[in-house]
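The values are calculated or read from the model by the stated rules, or taken from the named source; none is laboratory data. The structure displayed is predicted, hence computed values, not measured ones. Don't worry about glycine lacking a Cβ; one is built from the backbone with ideal geometry, like all the others, and counts go over all protein chains shown.
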Amino acid sequence: MRTRRALLELSLAAACLMASGTPQRGRAENIDLSTVPEREMVQLTIYNSEDLTLVRETRKVSFKPGVNPLQFSWAGTLIDPTSVELQFVSHADKLDLLDATFPHDKPQMLYWNVQSDFEGEAAIEITYFTSGISWSADYLAIANPNETELGFEGFVRVSKNSGEAYENAQVRLVVGTINLVEKIAQLAGVPVDRLSEVSEERIELFKRKEMRDLLGRRESGKDADAAPKKPKEIVKEGLSEYFIYTIEGTETIPNGWSKRLRSFEGQTVPFKIEYRYRPNEYGERLVRMYLWTNDAASKLGTTPLPDGTVRVFRDNGRAGLSYLAAQPIKYVPIGDKIEINLGVDPEVIFELVKLRSWRNNIWLQIAGTDKFRHLPDGQVELKEKGPVAGWDDHALFAQRIRNYTTKPIRVEIRRSFGGHAVFRSTLDAKNHDYQTVEFEANLKAGERADLRYELVTHQGRNAKQANLAVENASRLRD
């Protein structure tokens with residue numbers, strides 16, 4: 001199937017006027033039906049979250065005095081015909097759009113009738129929404145052999161399956177989420193909490209209008225067709241809660257194809273290596289992490305980083321690369337961390353060992369009453385018999401870490417405990433949240449560590465609330 005190359009045709013012949021059903025007022029004559037004006041400029045603004053691309057194309061058209069019909073077709077494409085608009089870029093005071101007609105016998109075509117008060121050439125702009133165009137980001141991180149420096153560079157891949165060919169198009173990529181709820185409510189004239197009462201058709205109409213206003217911003221002082229004098233870059237423009245990346249120069253991406261473009265050049269980014277034990281996030285294993293930040297100190301931080309996949313390699317020192325990991329990342333705002341999980345390091349061993357357990361602080365309910373009696377530690381019988389109403393469970397654990405690497409390592413441990421509990425240790429521990437404790441340890445190359453803690457869990461009537469208290473002790477009982 002041949003790809004469509006042109007959507008706009010000029011037709012000033014009587015046959016087209018009759019097909020449009022419009023009166024033949026001051027009709028211009030003798031224009032070749034096969035004449036198709038070349039696009040002067042095409043701009044694509046791609047917003048992945050809605051599978052929506054705003055297309056803005058400019059053409060130069062020759063007008064004659066009287067009514068001039070323009071024909072627009074979207075056959076074989078994913079263009080939304082209800083979103084098509086025509087504007088006059090030049091000679092707007094001498095041109096007037098009379099009407100737009102959708103002929104019943106040509107369901108994928110419309111005619112505009114333009115009244116011209118002059119003879120000559122004018123620039124027109126056609127904008128519309130289409131789907132089927134998307135983009136994705138990916139990143140490449142390469143550590144040097146000693147893992148002291150990290151090269152980091154980004155790319156975007158634009159894919160097109162919209163059915164239409166756009167040659168030499170300027171491409172803009174929307175990064176972030178555009179919050180349209182309040183804007184749509186304002187356009188619909190209803191409170192936000194009553195927006196559900198508005199019909200889906202009207203909501204879609206208002207959404208498209210607001211998206212057009214947001215994504216259709218013109219770039220002043222830029223020539224979209226001018227070839228860049230340096231390697232192609234992506235220019236980032238901050239617009240409140242989202243960013244627009246503009247790829248320098250122009251791109252031609254055939255329908256059904258994709259093209260990979262550089263987002264930013266490789267930078268030597270400062271980073272650190274950390275070992276983490278977080279069962280809620282990584283399971284029951286100690287994992288190795290690469291950590292860096294999207295900020296100026298890391299030679300980044302000029303814009304947020306869009307969702308994408310980071311592929312991590314290490315220079316093996318023998319003119320080759322060792323593959324370490326591939327991990328998807330979510331949208332990274334300026335100042336946020338990038339955390340890549342490299343998995344388990346076989347040279348760092350971690351195990352949790354339960355050393356002993358016991359029970360104390362026992363309370364009995366006196367039989368036949370609503371009274372309770374405390375059982376002193378070590379006492380096993382009372383004159384008054386009754387069920388156990390409350391007690392404390394104690395458990396002593398050792399977290400054993402063996403560092404068989406040739407470098408010092410930093411270990412962060414984060415553990416969560418349910419119920420009413422106390423975490424008691426000689427470690428410099430602190431609460432990460434109301435049920436989670438966090439502490440760190442530094443091990444030299446070849447060093448072993450035995451990090452101990454006591455967990456006290458209040459049971460029965462001893463449990464007052466669901467939280468974890470952290471107590472730093474000078475020593476733990478053996």
Check: What number of residues in the range 83-121 are in contact (Cβ under 8 Å) with a residue 24 or more places away in the chain, touching a strand residue (DSSP E or B) at 6+ places or on another chain (Cβ under 9 Å) and more than 17 Å from ARG56 (Cβ to Cβ)?
Finding: 21
Margin query: Which of the strands (runs of 3 or more DSSP E) found entirely inside the range 306-375 contain at least 2 residues meeting this: touching a Leu at 6+ places or on another chain (Cβ under 7 Å) and touching a residue at least 60 places away in the same chain (Cβ under 8 Å)?
Written below: 308-315, 348-365
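Please determine whether any residue of the range 145-155 is under 30 Å from LEU291 (Cβ atoms), β-branched (Val, Ile, Thr) and over 26 Å from the mean Cα position of the chain (by Cα).
The answer is yes, given that some residue of the range 145-155 is under 30 Å from LEU291 (Cβ atoms), β-branched (Val, Ile, Thr) and over 26 Å from the mean Cα position of the chain (by Cα).
Residues are listed down the side, and each one gets a yes or a no for (1) at pLDDT 95 or above; (2) crowded, with 17+ Cβ neighbours inside 10 Å:
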position: GLY378; (1), (2): no, no
position: LEU382; (1), (2): no, no
position: ILE409; (1), (2): yes, yes
position: ILE413; (1), (2): yes, yes
position: LEU427; (1), (2): no, yes
Check: So which of THR22, THR35 is of a type in the set (Val, Ile, Thr), modelled with pLDDT under 50, surrounded by 14 or more Cβ atoms within 10 Å (Cβ to Cβ) and assigned to a loop (DSSP other than H, G, I, E, B)?
Finding: THR22
Note to self: Considering only the range 111-120, I want to know if a residue exists there that is over 28 Å from the mean Cα position of the chain (by Cα), at pLDDT below 90 and crowded, with 17+ Cβ neighbours inside 10 Å.
What the structure shows: yes
Notebook entry, point to check: Can you name the residue in the range 458-478 that is farther than 18 Å from GLU438 by Cα and in a strand (DSSP E or B) and is also farthest from the chain's Cα centre (by Cα) among such residues?
Noted result: GLY460
Check: Can you name the residue in the range 133-144 that is over 14 Å from the mean Cα position of the chain (by Cα) and either polar (S, T, N, Q) or crowded, with 17+ Cβ neighbours inside 10 Å (or both) and is also farthest from THR53 (Cα to Cα) among such residues?
Finding: ASN144
